[in-house]
Each structure stands twice: as structure tokens, then as C-alpha cells.
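Comments concern the structure below.
The values are calculated or read from the model by the stated rules, or taken from the named source; none is laboratory data. As the structure is a computational prediction, the values presented were derived from the model and not from experiment. Here the Cβ positions follow ideal geometry from the backbone for every residue, glycine too, while neighbour counts run over all protein chains shown. Ligands, DNA and RNA are stripped out before the accessible areas are found, and what is left, the full protein with its side chains, is counted by its heavy atoms. Shrake-Rupley method; radii C 1.70, N 1.55, O 1.52, S 1.80 Å.
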Amino acid sequence: VQLQASGGGLVQAGGSLRLSCAIFGSRNSIDDMNWYRQAPGKERELVATLTSGGSTIYSDSVKGRFTISMTDIKNRAYLQMDSLKAEDTAVYYCHVQDRWSRHYWGQGTLVTVSS
């Protein structure tokens, strides 16, 4: 599986962005789809998960503002980010875990929220 994240940029606080993750390779082997982020000087943080069963899980810091989704054919995943805050500034990474518990990462896309 190969992942390619895009959609980051500069946005004002209160605005919205939609991140996209193109998925290539053995898409049918994907179990969980995740979005992580890493802010400067901080550890990487899991912000959203879409499980193989279709459940969504969000960190408390983004709950109610971010929405994770994926196309039915699993060729693209999204992270819709609304009501953005300065503290959402980070590099965002898409990640998948396949049915054999192998992990794959996208290259990251930078989101900068100006206050």
C-alpha cells in the first residue's frame, strides 16, 4: 500500500480545509484508516480513525470539528477539518494498518492556521 497526502495549506482560524489521501496498491487489505498530526516540538498524535467496520473515533481535541471518511473503493480518504484553531497547526499524516497489522504512512501535508 502506498499513500499520498495532499490538501494542506494556510487558513485563518475558524476556516476549513479538506485533506486528501490517495491510496495505491492492495486497497482491499486495509483495515483501519487513520489521520495523525505532529505539531512543532510535539509528539505525533492520532486525531481520527475509520475502522474496518465503519466506526469513527476522534481525539477529544478535534471531536465535533473534524470528519474522517473514505471512498467505497478505498482509493481515497479524507479529513474534513472545520472551525480550525491555531493549535491545529501541524503536519498531518495519513496512515493505514492492513489485515496483517502492517503499517503504511503518507508523506505528510502541512496545515497552518493563523490566529
Task: Set of the stretch 88-105 residues, backbone N closer than 14 Å to the point 7 Å along the Cα-Cβ line of residue 31 - done: 96-104
Task: Relative contact order (percent, whole number), the chain, Cα cutoff 8 Å, 6+ residue spacing - done: 37
Task: lysines whose Cα lies under 17 Å from that of residue 85, excluding same-chain neighbours fewer than 8 positions away - done: 42, 63
- [ ] Under 10 Å from the Cβ of residue 82, count the other residues' Cβ atoms, weight Lys and Arg +1, Asp and Glu -1, and hand me the total.
- [x] +2
Task: Mean Cα-pair separation over length for the stretch 23-73, i.e. relative contact order, pairs under 8 Å, 6 or more apart, % - done: 27
Task: In Å², nearest 10: area of residue 57 left accessible to a 1.4 Å probe - done: 100
Open item on the list: Please list, ordered by chain and number, the residues whose modelled amide H lies under 5 Å from the amide H of residue 108; skip anything fewer than 5 residues away on the same chain.
Closed with: 5, 94
Open item on the list: Using amide H atoms built in the peptide plane, which far-off residues or other-chain residues are under 5 Å from residue 15 H to H?
Closed with: 84
Task: Label point distance in nm, residue 110-residue 4, each placed 7 Å from Cα along Cα→Cβ - done: 2.1
Open item on the list: Order 63, 74, 85 by their accessible area, 1.4 angstrom probe, all chains in place, largest first.
Closed with: 63, 85, 74
Task: Estimated distance in nm for a label pair at residue 87 and residue 44, the labels positioned 7 Å out from Cα along Cα-to-Cβ - done: 2.3
